[in-house]
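Please read the structure below before turning to the comments.
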Amino acid sequence: MNLTAGDRKSRLIDLITLLGVEGIGVGRLYQLLQTFPEPERILAASVSELSDAPGIGRETASKIKEKQNREKAVEAVEEICERNWQYFLYDDPDYPLPLKDVDDRPPVLFYMGEYCEADHNAIAIVGSRTASEDGRHFAESLAAALVASGVTVISGMARGIDMAAHRGVLKSGGRTIAVFGSSLDIIYPPEGRETAGKIIQKGAIFSELLPGTIPYGPNFPKRNRIISGLSQGVVVIEAAERSGALSTAGHALIQNREVFAVPGSPRSEMSRGTNKLIKQGARLLTTVDDIFSELPRLKGKVKVEQMRKAEGLTGMEQLIVQSIADEPIHIDSLSRKLNTPIPDLMQVLLALELKGIVKELSGKRYILN
């Protein structure tokens, strides 16, 4: 739905008002939106109408009518505007595509920086705050290898593995996204302020929390569902048996994302969590190639992005590259798809083969090399 700036601001106020009511979390809000198509309709509904909505009893319905604090929501939105925060609303056309299939996605997601289509191809890297030197070095190297292939790296900007992953991206000139467990105006840890500033220039920082929200324990597990939801897969590097990194992996499994774990010594406390993940079925990871082996379509999409930027490709060559990005395609299907005679296609495909971009399979099928 395309809304004017004024309509978006009004809807933001409505959503913050609703989420400010005790007992109305993300799940209940989406339940209400199944009955009432607009947030303003929820706020305007009677107690009787609200009570009839699935999952909403009379007690919750009464709270919605009696505990609305629109004035506080307006104040929050004015501060958001003064700080020049951008935001995605749950039904915005440009809401981050990977998050759209997550049931408990944030109804409002604030950000600074830029989120773009290339960020749909992302891998999350998370791990211990008290990581070893080897662990931090591996995280930094893995992040650098991912961005060298055009993949965006997502993490939580915590001390240890998270910060090392962001650092590896920034050193390599790639794109990275940090998801906060506090509001965007409160940088945590404090020594990450400079890193946050650099991330804004090379990606974005995200939070679903209102201005002035300090780092608070329960907010971090909730934050972790956004980290995994924005990604195609989650890599865990060093984690104790009970850690936030394992929470992120848990969300990833629920969201049908791939989970990778870096193995470690059985004697190391920081390897107990990752080794346990591997026992439970996580993909063992030792190099970046392990990610692309499990997510070949991710590499295919990355290749297409790289080919779009490649010099020397004709318009028809680029169309063919885009057409065979995800899976092999038969020459007849390609001809119909591009409305181009087979003899003409054969000439272009041969040129792409000579450039090392396309490979012919048996039965006149073609795929990215």
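Quick note: the coordinates plus some simple rules give every number you see, no bench work behind them. In this text, all values refer to a predicted model and were calculated from it rather than measured experimentally. As a convention, Cβ positions derive from the backbone with ideal geometry for all residues, glycine included, and neighbour counts pool all protein chains shown.
Lys/Arg Cβ at +1, Asp/Glu Cβ at -1, dipole of segment 310-368 taken about the Cα centre: which of PRO343, LEU313, GLY356 is farthest positive-ward?
Looking along the dipole axis, the top candidate is PRO343.
As an exercise, take the mean of 1/r over every pair of distinct alpha carbons in segment 310-368, invert it, and state the Kirkwood radius in angstroms.
11.2
Quick check: Cα centre of segment 218-249 to Cα centre of segment 102-133, how many Å?
10
Could you grab the relative contact order for segment 186-268? Cα pairs under 8 Å, six or more apart, rounded to a whole percent.
The value is 25 percent.
What FRET efficiency do you get for ASP332 and ASN256 if R0 is 30 Å and r is their Cβ-Cβ distance, rounded to the nearest 0.05?
Result of the calculation: an efficiency of 0.35.
List the relative contact order of the chain as a percent without decimals, with contacts defined as Cα pairs under 8 Å and 6+ residues apart.
Relative contact order here is 12 percent.
Using a 10 angstrom cutoff on alpha carbons, build the Gaussian network for the chain and name the most mobile of GLY203, GLY356, GLY229.
Largest GNM mean-square fluctuation: GLY356.
Any chance you could get the radius of gyration and Dmax over the Cα atoms of segment 1-86, in Å?
According to the Cα coordinates of segment 1-86, Rg and Dmax are 13.2, 39 Å.
Rounded to two decimals, what is the ratio between the C-alpha radius of gyration of segment 235-281 and 2.2 N^0.38 Å?
Compactness ratio reported: 1.03.
For helix 296-309, report the angle its Cα long axis makes with the longest principal axis of the Cα atoms of the chain; keep it between 0 and 90° and round to the nearest 10°.
80
What is the angle, in °, between the Cα long axis of helix 219-229 and the longest principal axis of the Cα atoms in the chain? Nearest 10 is fine, range 0 to 90.
The helix 219-229 is inclined about 30 degrees to the chain.
Given the DSSP H assignment, sum -39500 (n - 2.57) over each helix run of at least 4 residues in the chain and divide by its residue total; what's the result at 222 nm in deg cm²/dmol, nearest 500?
Counting only the DSSP helices, I get -14000 deg cm²/dmol.
About the Cα centre, and with charges only on the beta carbon of Lys, Arg (+1) and Asp, Glu (-1), how big is the dipole of the chain? Nearest 20 debye, please.
About 720 debye.
Which one of ALA261, ALA245, ALA45 has the biggest mean-square fluctuation once the chain is modelled by GNM with Cα springs under 10 Å?
ALA45
Using a Gaussian network model of the chain with C-alpha springs under 10 Å, which one of ASP119, ASP290, ASP162 is most mobile by mean-square fluctuation?
Of ASP119, ASP290, ASP162, the most mobile in the Gaussian network model is ASP290.
Taking amide H atoms as placed 1.01 Å from N in the peptide plane, list the residues 5 or more away in sequence, or in a different chain, whose amide H sits under 5 Å from that of MET112.
Result for MET112 returns ILE205.
Roughly how tilted is helix 70-82, in degrees to the nearest 10 and between 0 and 90, from the longest Cα axis of the chain?
Orientation of helix 70-82: about 40 degrees from the principal axis.
When only alpha-carbon atoms count, how far does the chain stretch along each of its three principal axes, as whole angstroms with the largest first?
Per principal axis, max minus min of the Cα coordinates gives 71, 57, 38 Å.
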